[in-house]
Amino acid sequence: MELHILLLFLTLSLPIIRFYLNRRHTKNHPPGPTGLPIIGNLHQLGPKPHSTLSSLAHTHGPLISLRFGSVAVVVASSPTTAQEILQKNDQSFSNRPIPDSVAAQPNVEDTLAWSPGDARWRNRRRICTTQIFTNQRLDLLQHLRHRKVEQLLKHLHKQASRRSVVDIGELAFATMLNLVSNTVFSEDMVDAEFESAGELKELVWRIMEDAGKVNLSDYFPALRGLDLQGVRKHVRVSYLRLHEIFDEMIRKREREREMMMNMNSLNNNNNNDNGCRKGDFLDVLLDHCGQDDGSDFTVESIKPVILDLFVAGSDTSGSTTEWAMAELLKNPDVMKKAREELIQVIGTNNEVKESDILRLPYIQAIVKETLRLHPPVPLLLPYVASNDVEVSGYTIHKGTQVLINAWSIGRNPNFWDDPLLFQPERFLRSNIDSKGRDFEYIPFGAGRRICPGLPLANRMINLMLAAFIHSFEWELPEGVTPEKLDMSEQYGITLKRHAPLCAIPISV
């Protein structure tokens, strides 16, 4: 028994001793707080790491060194340092360290979010960017998304007739899930009464929750095989179930395509392309399976790509919509201005369409301001240095993990006036957008690994929010005032509200 304890101690200690020996001979590393033996700075993270790291940046500077267990970490908390990492040196930071909870999924190397930034990844991303997320492709499928918003409004009118309290976050998540599902599969995954959203919501939220946990396997790689906290075992069930669901949808589509091709062949119809395709994202991916385009798409390898779309599209977009509604309920004057714009541009009897969004600058400003204060992924997804890189006069060494604190950057008083106030008007006076060109505002990241689904997310969030505001007035439950509305955060890999947002819709 004592021998086992000694071996465990050595396993934990050797990487840390090596870290300190290397650090003694390292010049120009960024400053940072002194850590404790073995655990390093893990004890300083607390329940809200994005906020803690922001406070440390105020003390030590916009680029700080930390040690989480045996892993060296650098955190960037200013537009300048973020730009140097994500733009100037983007090739050196094109890869990501894969958390153990993420590695639990089948074929993790086939994801867009976590796979190495190599030629294969570039080809796969190029196909998704040019053939899935183009305005033309998104326009072709917008009627499917409009149908889902109509379904949501019909459900809300029923609740309004009873003056029922609704969980806005749950409805936003379920609707976003259907919006993504119709864009990918041309089918619903949630029924019209939103009763079947439970399993899917639980699966996606379990994945996001486990990905945001402080997991010893990530900070003591030598112990990864032991899965001491059981995170990998816990989350793998969700990944496998989602892959099962996607597999059923893919096999069904393959059978449909084969049947249509056979029918066209019997009818001697050489123009069989349109008859075999629905034109959704799944058709695009299946069209590239087996092609010699460098993507290596197969039926198995497209499932992780679809999973990326569902997790990012439903969880982050749904959460952003919930945060936006929370800010509007907390700031009734802003809600009033938004309704006035919608009535002036669209009228009272017409429905909001995606094509209307460009004519709704105040709605767009509300979404931008929400993303500034509540970025979907507050620390972005992590990067790892592939070689020694100089950033702001300091050296980030090969193998060091790098975090970009987008939450801190969006609240920095050096770049934003009254940064803690919700003021959409600031974006009416500015051309800043979230496309990765303005590094004081990077809610979706920047550089070569900026979120590829940004165009779809922007459309869905703006459409959903506009529909909420245009069709209903909203009241908080009895006993809750705008001043008392809970705006506290629950940290994970995504930034959720600590308490569900509940309100009463009133039909207008």
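The values are calculated or read from the model by the stated rules, or taken from the named source; none is laboratory data. Being a predicted model, the structure only gives us computed values, none of them experimental. Every residue, glycine among them, receives a Cβ derived from its backbone with ideal geometry; neighbour counts consider all protein chains shown. Only protein heavy atoms, including side chains, enter the accessible area calculation; ligands, DNA and RNA are left aside. Shrake-Rupley method; radii C 1.70, N 1.55, O 1.52, S 1.80 Å.
What residue, among those in the range 352-391 that are out of contact with any Ser or Thr (no Cβ under 7 Å at 6 or more places or on another chain) and polar (S, T, N, Q), is nearest to Thr52 (Cα to Cα)?
That would be Gln364.
Name the one entry in Pro443, Pro424, Pro413, Pro419 that is in contact with a Leu (Cβ under 6 Å, 6 or more places away or on another chain) and closer than 30 Å to Glu483 by Cα.
On the way: Pro424 fails: in contact with a Leu (Cβ under 6 Å, 6 or more places away or on another chain); Pro413 fails: in contact with a Leu (Cβ under 6 Å, 6 or more places away or on another chain); Pro419 fails: in contact with a Leu (Cβ under 6 Å, 6 or more places away or on another chain).
Result of the check over Pro443, Pro424, Pro413, Pro419: Pro443.
Matching residues to (1) of a type in the set (D, E, K, R); (2) in contact with a strand residue (DSSP E or B) (Cβ under 6 Å, 6 or more places away or on another chain); (3) more than 30 Å from Gly279 (Cβ to Cβ):
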| position | (1), (2), (3) |
| --- | --- |
| Phe93 | no, yes, yes |
| Pro99 | no, no, yes |
| Pro116 | no, yes, yes |
| Leu141 | no, no, no |
| Glu150 | yes, no, no |
| Arg162 | yes, no, yes |
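Could you please let me know if Ile346 is touching a residue at least 24 places away in the same chain (Cβ under 8 Å) and surrounded by fewer than 18 Cβ atoms within 10 Å (Cβ to Cβ)?
Yes.
For the range 368-400, how many residues are of a type in the set (Asp, Glu) and open to solvent by less than 10 Å² (accessible area, probe 1.4 Å)?
1
Between residues in the range 394-416 that are closer than 17 Å to Val384 by Cβ and free of Cβ contacts under 8 Å to residues at least 24 places away in the same chain and residues that are assigned to a loop (DSSP other than H, G, I, E, B) and not β-branched (Val, Ile, Thr), which pairs lie under 6 Å by C-beta distance while being six or more apart or on different chains?
Lys398/Ala385; Lys398/Asn387; Lys398/Asp388
Looking at the range 353-367 only, could you name the residues that are open to solvent by 10 Å² or more (accessible area, probe 1.4 Å) and either outside any helix (DSSP H, G or I) or touching a residue at least 24 places away in the same chain (Cβ under 8 Å) (or both)?
Selection gives Lys353, Glu354, Ser355, Asp356, Ile357, Pro361, Tyr362, Gln364.
Has the range 227-241 got at least one residue that is under 30 Å from Arg277 (Cβ atoms) and open to solvent by 10 Å² or more (accessible area, probe 1.4 Å)?
yes
Name the single residue, out of those in the range 412-422 being more than 21 Å from Pro332 (Cα to Cα) and of a type in the set (Phe, Trp, Tyr), that is surrounded by the most Cβ atoms within 10 Å (Cβ to Cβ).
Within the range 412-422, the match that is surrounded by the most Cβ atoms within 10 Å (Cβ to Cβ) is Trp416.
Would you be able to tell me the number of residues in the range 379-404 that are out of contact with any Pro (no Cβ under 8 Å at 6 or more places or on another chain) and in a loop (DSSP other than H, G, I, E, B)?
Count: 11.
What pairs can you find where one residue is in the range 312-331 and within 16 Å of Leu421 (Cβ to Cβ), the other is part of a helix (DSSP H, G or I) and small (Gly, Ala, Ser), and their Cβ atoms are less than 8 Å apart, with a gap of 6+ or different chains?
Going by the 8 Å Cβ cut-off, the qualifying pairs are Leu328/Ala338.
Check off (1) among the small types (Gly, Ala, Ser); (2) in contact with a Gly (Cβ under 7 Å, 6 or more places away or on another chain); (3) crowded, with 21+ Cβ neighbours inside 10 Å for Ala467 and give me the number that stays unchecked.
Going through the list (1) among the small types (Gly, Ala, Ser); (2) in contact with a Gly (Cβ under 7 Å, 6 or more places away or on another chain); (3) crowded, with 21+ Cβ neighbours inside 10 Å, Ala467 breaks only (2).
Under 8 Å between Cβ atoms, which residue pairs at least 6 apart in sequence (or on different chains) link something in the range 145-171 that is over 22 Å from Ile461 (Cα atoms) and among the charged types (D, E, K, R) with a partner that is crowded, with 18+ Cβ neighbours inside 10 Å and modelled with pLDDT of 95 or more?
Arg163/Ile504
For the range 275-327, which residues satisfy the criterion of being small (Gly, Ala, Ser) and open to solvent by 20 Å² or more (accessible area, probe 1.4 Å)?
Gly275, Gly290, Gly294, Ala312
Name every residue in the range 423-448 that is assigned to a loop (DSSP other than H, G, I, E, B) and open to solvent by 20 Å² or more (accessible area, probe 1.4 Å), in order of residue number.
Of everything in the range 423-448, those that are assigned to a loop (DSSP other than H, G, I, E, B) and open to solvent by 20 Å² or more (accessible area, probe 1.4 Å) turn out to be Gln423, Arg429, Ser430, Asn431, Ile432, Asp433, Lys435, Arg437, Asp438, Glu440, Phe444.
Any idea which of (1) closer than 19 Å to Arg437 by Cα; (2) open to solvent by less than 20 Å² (accessible area, probe 1.4 Å); (3) over 18 Å from the mean Cα position of the chain (by Cα) is the one Glu84 doesn't satisfy?
Glu84 satisfies all of (1) closer than 19 Å to Arg437 by Cα; (2) open to solvent by less than 20 Å² (accessible area, probe 1.4 Å); (3) over 18 Å from the mean Cα position of the chain (by Cα) except (2).
When you scan the range 179-198, do you find a residue that is more than 25 Å from Asp287 (Cβ to Cβ), in contact (Cβ under 8 Å) with a residue 40 or more places away in the chain, buried (at least 16 other Cβ atoms within 10 Å of the Cβ) and touching a helix residue (DSSP H, G or I) at 6+ places or on another chain (Cβ under 8 Å), even just one?
No, that holds for no residue.
Could you tell me whether Ser434 is closer than 30 Å to Gln136 by Cβ, under 15 Å from the mean Cα position of the chain (by Cα) and of a type in the set (Ser, Thr, Tyr)?
yes
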